[in-house]
Each structure stands twice: as C-alpha cells, then as structure tokens.
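Below: one structure, written as structure tokens.
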Ligand SMILES: [Zn+2]
C-alpha cells in the first residue's frame, strides 16, 4: 500500500510521513498515522525467534538468510527494525487487519518461546 505525494506526485511508502522525492510532509489520516506508527515499530517476535517469525511474516528470503551462521545475527537485527515494513510490503497481505493480527501473534509466540526456554532451563538447573 502506497500513497502519492500531493506535491510532486512521487510514490511514498506507507510508513513514511515525508516524501523521499521532495521532502514534502504528507498529511496522513488518523488511520494512516496509526498504521505508519505500527509499521515503524520493532518486530519483537523476530528478536526472540527469527526463523519462525520470518515464516509467519511471509518474508521467506529472510528465512533463508537467517539460517546462515553469523549473517543470521544481522538478519535478526534487521528484521527487528524493518521486519514489519518488509512483511507488509512483500508479504502479499490481503488487508491490514490480518497483517496486524499476524504480527501480534508472532510477537506473542516469540515471547512465549522465550518464557518456555527459560522454564526448561530452570527445570534442569533445579532438578
Ligand atoms: Zn514529493
């Protein structure tokens, strides 16, 4: 989903409030503003379980990258920062609601995954 700059007619990505072509500040609808904010937010799920997140977010290219040792760390960081934007851009989501639902789910799974690992670790430490 893109919008068009009202000043120079250049295409502007959904998460930008400023036109990359002429620097014109776009007036976003409240709904668009909320979306832009969400897209610029960190993908917590990608931080906690990168591979699963990239699959769930439909950024399959990054799934392959994240499997490579060392490079995977960079992929992790990039996906935490840009993951939501990439997912929205390349994931082929039909509508905004299903995209947000999936992002929330992936974040929740990521957190659950870490909690589970923590519990397993404690279990073996204490027994
Ligand atoms: Zn412009």
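Values quoted throughout were computed directly from the atomic coordinates according to the rules given, and no laboratory measurement underlies them. Note that this is a predicted model, so its numbers are computed, not measured. So basically every Cβ, Gly included, is an ideal-geometry build from the backbone, and we count neighbours across all protein chains shown.
Give me the percent relative contact order of the chain, please, defined on Cα pairs under 8 angstrom at least 6 residues apart. Don't jump to the answer; show the numbers that get you there.
On the way: 144 pairs, mean separation 28.9, N = 127.
The normalised contact order for the chain reaches 23 percent.
If r is the Cβ-Cβ distance from residue 37 to residue 64 and R0 is 22 Å, what FRET efficiency results, to the nearest 0.05?
Between residue 37 and residue 64 the formula returns 0.15.
222 nm [θ] for the chain, helices only, -39500 (n - 2.57) per DSSP H run of 4+, per residue, to 500?
Details: 6 runs with 82 residues, N = 127.
After summing the helix terms and dividing by the residues of the chain, the value is -20500 deg cm²/dmol.
Report the extension gain between residue 105 and residue 2 in nm, rounded to one decimal, defined as 0.36 nm multiplied by the number of residues separating them, less their alpha carbon distance. Before the final figure, lay out the partial values.
Working: separation 103, 0.36 × 103 = 37.08 nm, distance 2.47 nm.
Length difference between fully extended and current span is 34.6 nm.
So if I average 1/r over every pair of distinct C-alpha atoms in the chain and take the inverse, what Kirkwood radius in Å does that give?
On the way: mean 1/r = 0.0625 Å⁻¹.
Value: 16.0 Å, from the Cα pair sum.
Can you give me the angle between helix 96-126 and the longest principal axis of the chain, using Cα atoms only, in degrees from 0 to 90, rounded to the nearest 10?
Roughly 20 degrees, rounded to the nearest 10.
Rounding to the nearest 10 and keeping the result within 0 to 90°, find how far the Cα-based axis of helix 30-40 lies from the longest principal axis of the chain.
In the chain, helix 30-40 runs at an angle near 50 degrees to the longest axis.
If I model a spin label at residue 18 and residue 116 as a point 7 Å from the Cα along the Cα→Cβ vector, what separation in nanometres do I get?
It works out to 4.3 nm between the two label points.
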